[in-house]
Structure formats: structure tokens, C-alpha cells
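Inspection log for the structure reproduced underneath, given as C-alpha cells.
No value in this document is a laboratory result; all are computed from the given coordinates. All values reported here derive from a predicted model rather than from experimental measurement. Note that we place each Cβ from the backbone using ideal geometry, even for glycine, and neighbour counts take in every protein chain shown.
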Amino acid sequence: MTLINQLIIGWVTIFLLINLTFLIAKKLNNFCIVDVLWGFSFGILATIFLCTGDGYFTRKLILAILAITWATRLGVYLLLRIIKKYPEDDKRYKFLLSKWGDRKYLYMYFFYHIQGLLIVILSPVFAVPTLQDSSQFSIIEYIGIIIITTSIICESISDYQLFMHKNSASTDNVYRKGFWKYSRHPNYFFQWLAWVGFFIFSLNSSGLFTIYCPLLMLFLLTKVTGINNNEAHNIASKGKEYLIYQKTTSCFIPLPPRKYKY
């Protein structure tokens, strides 16, 4: 099967899941559940590519296991976060619904499908290696596996550290320990690093063109969603303490903290 055929099957699957998710969201009046689909979607597509790719089975299986583990961790984390806040919707989606007025459901439907399209656009990095029929693994692939595995572990740790802080008796509004001492968004950094790992894994399968996948995710995380929304919310809720945190701590890449000059 060709890459194009794999992507068509993937797109049809995501199209159907987006429609189903939209119907559920409208029924629950909670539209942030599409974030959960986003989290799980790449594991779903990796499974499809595992079944449809004609390449070496062990390579396909390793890639699928890594992708499913990574996607499931993210999907479950987002699901638990939504359940905790339910029935309150995410502020981003409440803002969009109020902004769109009488046509809010129509626009939200298209907004959902824009996210579905992005999922499919980002998916070739998970498909390309499934077409490689060589049984020999390269150093590049081992490096990719190490980066992906490390990213999954470190993202899990950073999420756990913040979760424990939020559920502790600490009076500190800003958490500055663990990975959060070196980056204001270590979870986003390690999430992006996993994309770098998947790209590196694909290089041995003529996947150089998929470099746009980690680059696009970097843009989305730092300029569109993720960091931008999170920073604005933290400044509004934590005030001066977070402004000091911004001046002393790297935004994205973990780096040694800087001294704050009063």
C-alpha cells in the first residue's frame, strides 16, 4: 500500500471520529473534549499504519508501541483534566462560542475539522517507517527510539510534578521545583521532543520530508495554542509572582534559572 492510500484511510477515520466527537460535545455542551481526541488520534493512526504498511513488521510494531504509549498517556491526561472540570468547558471554547453568536455550532463544526485536518497533515511521520522493508535497524532509528522514550518519561514526570503541587498544601502559586525549575513549560517541551524523535526514527525510511511535522508542532505549541494561552492565564491568576518566574526561568527549553534583579 502506498503512503497516499494510508493517509486517505487515516483521513476517513479521523473525519468520522471528528463528527462523532462533535455530536457528543454538542450533547454534553462541552467542546473541549476534542482535545482528548487530539491526544488519542496519533495512536489510532499509528495502529492503522501498522496494519496497512507493507514494511518490516518489527519496525512497524516498535513504532506503533511508541506512538500508542505516547498518545495514550496524553489522551488519558487530557481526559482526566476535563472530567475534573466537568461540566465547565475550557475558556478557549467558551470564548469562541460567545464570539460566534448564532452560528457558533456551524463554526465550531468547521473548527473541529480544521483540527482533524491538522492531525492528518502531521501523521506521515508515523506512516513512512511502516513502508520500509529492510530488516536492518540503523543507528538513527535507535537514537529516535531513545529520544521518544526519554520524552514520554520526562513529560509524564513533569505532569506528575505539577499535579502533586496543585493537590498539595503548598501556598506557592508558582511551582519552581523539578523540571519546572528549568522551564516554565517542560511538559510542552518534552511533548515536542517526542515529535523530533519520531522524525529522526523516520529518517532511515526516506522520511526527511516529514521535518515539517516537528516544526509545525513547535509553531503550534509556542505561537498558537499551548504556551500562549497558558502564559496569559497564569499572569492573570498569579500576577507578579508569575512575572518574576518569567524573568528567571526559560519559557520552553530547560535551562539553568537566572537570578532575579530587584
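Observations
- Label-point gap, in nm, between Leu255 and Ser206 - each point 7 angstrom along Cα→Cβ: 4.0 nm
- Nearest 10 degrees, 0 to 90: helix 57-85 Cα axis against the chain principal axis: 30 degrees
- Relative to the longest principal axis of the Cα atoms of the chain, the long axis of helix 186-202 makes an angle of roughly 10 degrees.
- When the convex hull of its Cα atoms is projected in every direction, mean area for the chain (nm²): 15.0 nm²
- Sum of side-chain charges, Gly207 neighbourhood, beta-carbon under 13 Å (Lys, Arg +1; Asp, Glu -1): 0
- Helix axis angle, 34-52 relative to the chain longest principal axis, alpha carbon, degrees: 20 degrees
- If the segment from Leu61 to Ile235 were pulled out straight at 0.36 nm per residue, it would be longer than the present Cα-Cα gap by 58.3 nm.
- Chain lengthening between His113 and Asn29 when straightened (0.36 nm per residue, less Cα-Cα): 28.5 nm
- Taken one residue at a time, the phi angles of the stretch 26-32 give Karplus couplings (6.51, -1.76, 1.60, θ = phi - 60°) of 5, 5, 7, 6, 9, 8, 6 Hz. Gly and Pro are set to x.
- Highest mobility in the GNM of the chain, judged by mean-square fluctuation with C-alpha springs under 10 Å and restricted to Gly55, Gly101, Gly178, is found for Gly101.
- Calculated SAXS-style log₁₀ I(q)/I(0) at q = 0.10, 0.16, 0.20 Å⁻¹ - the stretch 137-262, Debye, Cα scatterers: -0.38, -0.83, -1.13
- Distribution of pairwise C-alpha distances over the stretch 1-134, 5 Å bins, in %: 2, 11, 19, 20, 17, 12, 9, 6, 3, 1, 0, 0
- Once both labels are positioned 7 Å from their Cα atoms along Cα-to-Cβ, the gap between Arg81 and Lys94 label points is 1.6 nm.
- Inter-site label distance for Asn19 and Leu216 at 7 Å from Cα along Cβ, in nm: 2.3 nm
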